[in-house]
Each structure stands twice: as C-alpha cells, then as structure tokens.
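Input: a single structure, listed below in structure tokens.
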C-alpha cells in the first residue's frame, strides 16, 4: 500500500472558522432548500454539506490546490479529500490514479487534535440548534424546542426555527436534529411559538410518533 502526502501546509486548521471563511453561502442555501430537505433522505447532514460548500474558486487552501494539481482534480475526489481526510483524518484514499493500487494519506498529528475538537464543538452546536448561527450571521435561531422519547429512553431530538436574511429578503425554515439526521424539515412562513409546536407535533405524527414521544423537556426560545 502506497502512502501519499498531498498536505503541504500543516498550519491550516480544518475547523468551523475554516468553514466560516470559505463557505459559498449561495450554494449552501441551495443545498438547504433541496438536498438537505428531510424528504430527500440524504445520508449527508448539515455539517457535511457545509464542508463541501467550501470548495469554490475563492478558497485558496494550498492543500486543496496541491491535491487537485498533483493527485486528482475530479469533484468527488476533492470533496472526499477535504471531508474525509482533512476534516475527519481518515487515512484511506480511494482515488488513486492507478485503479489497481491502494493508497493511504499521511495525516499530520496536529490534525487529529483539531478534528477531535471540531467534532465535539459541532455536536454541541447541533444539539443546541446553534450551528448555522456559528457558520454565518445570515442565519438567526428564533426558537428551539427539545423533546424526549422518539429515539429511545432519555434520547433527545431537537427542533429549531430559523430566520434566513439575505439583503432585504427574509425567509424562515424548520431545522431538526433527530437521531443521526440534521436536516431541514421545511421552509415556511413566519411562525409564532404555538404554531411552531404544532409543526413539530405534526412532523412527528406524520412519521408515526405520538404519545410519550411528544414529551417536551425544554422550551428554549431566544428573546
């Protein structure tokens, strides 16, 4: 098994600040409205798409440029290099130029610590419903509710109502973290607290969950 070393700048930190600096927000919003809708059943979640939306012409990451120039410039290969190798520190590389050869990527030791801290921070932000606000100020969390029971005893699922502001245009959407899925349930009109709870309960009922699965443990509304 061959080892390759496309990482030429070990000082770059693949964390939330990297996403905030490099994300193509127009592309990310398109993803929120299409690929990340619950009904689309994508295996990728919000943070996965946020990472992939960092791959654009404005991103001057030397490691990405070097990988594209000297190893593989296909879009899928570059996406997996960023998401799996640079962010998640997976050493396996599935995009060798020689289909008969397997490769591993040399990952700097400092990247593992950054990756661990990144995943911990993302988990906390997803559970509190604050991830999108951390990525960009165009997102504002208006309401956040937590329920328990649907995913099992003491397992929490959370539901956030967001405002998206682009110039003078304002949109609203319902975002959930349910099991392993952090997806957009729907874009909709502005809702008050009572209307949002009704949307959450309806979302649960449509998927066959009611009764104890609708037990509210926290109502965290931002004032």
(request) Run through the DSSP bridge list for the chain and note the antiparallel percent, rounded to the nearest 5. (result) 90
(message) Explain nothing, just the number: relative contact order of segment 7-84, from Cα pairs under 8 Å at least 6 residues apart, as a whole percent.
(response) 36
(request) Treat the count of other C-beta atoms within 10 Å as a stand-in for reagent exposure and order 207, 52 from fewest to most. (result) 207, 52
(request) Provide the gained length on full extension for the span residue 190 to residue 127, in nm with one decimal, where the gain is 0.36 nm per separating residue minus the Cα-Cα distance. (result) 20.4 nm
(message) With log10 I(q)/I(0) by the Debye sum over Cα atoms at q = 0.08, 0.09, 0.15 Å⁻¹ as the read-out, I listed [x] -0.34, -0.43, -1.00; [y] -0.45, -0.55, -1.01; [z] -0.38, -0.46, -0.92; which label goes with the value calculated from this structure?
(response) [x]
(message) Under a crude label model (7 Å from the Cα following the beta-carbon direction), how far is residue 216 from residue 170 in nanometres?
(response) 2.3
(message) Taking 8 Å as the Cα distance limit and 6 or more residues as the minimum spacing, I'd like the relative contact order of the chain as a percentage.
(response) 20
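Give, in nm to one decimal, the length gained when the segment between residue 119 and residue 8 is fully stretched (0.36 nm per residue of separation minus the Cα-Cα distance). Walk me through the intermediate numbers first.
Details: separation 111, 0.36 × 111 = 39.96 nm, distance 2.33 nm.
Difference between extended and current length: 37.6 nm.
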(request) Compute the FRET efficiency between residue 42 and residue 21 as 1/(1 + (r/R0)^6), taking r as their Cβ-Cβ distance and R0 = 25 Å, and round to the nearest 0.05. (result) 0.50
(message) Only counting other Cβ atoms within 10 Å, I'd like 176, 91 sorted with the fewest neighbours first.
(response) 91, 176
(message) Take residue 69 and residue 205, extend 7 Å from each Cα along the Cα→Cβ direction, and tell me the distance between the two endpoints in nm.
(response) 6.0
(request) At 7 Å along the Cα-to-beta-carbon direction for both residue 138 and residue 110, put a label point, then send me their distance in nm to one decimal. (result) 3.1
(message) Considering only C-alpha atoms, what is the centroid distance from segment 159-190 to segment 1-66, in Å?
(response) 20
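Only the coordinates and a few stated rules stand behind these numbers; no lab work does. Given the structure is predicted, the values throughout are model-derived calculations rather than measurements. As a convention, Cβ positions derive from the backbone with ideal geometry for all residues, glycine included, and neighbour counts pool all protein chains shown.
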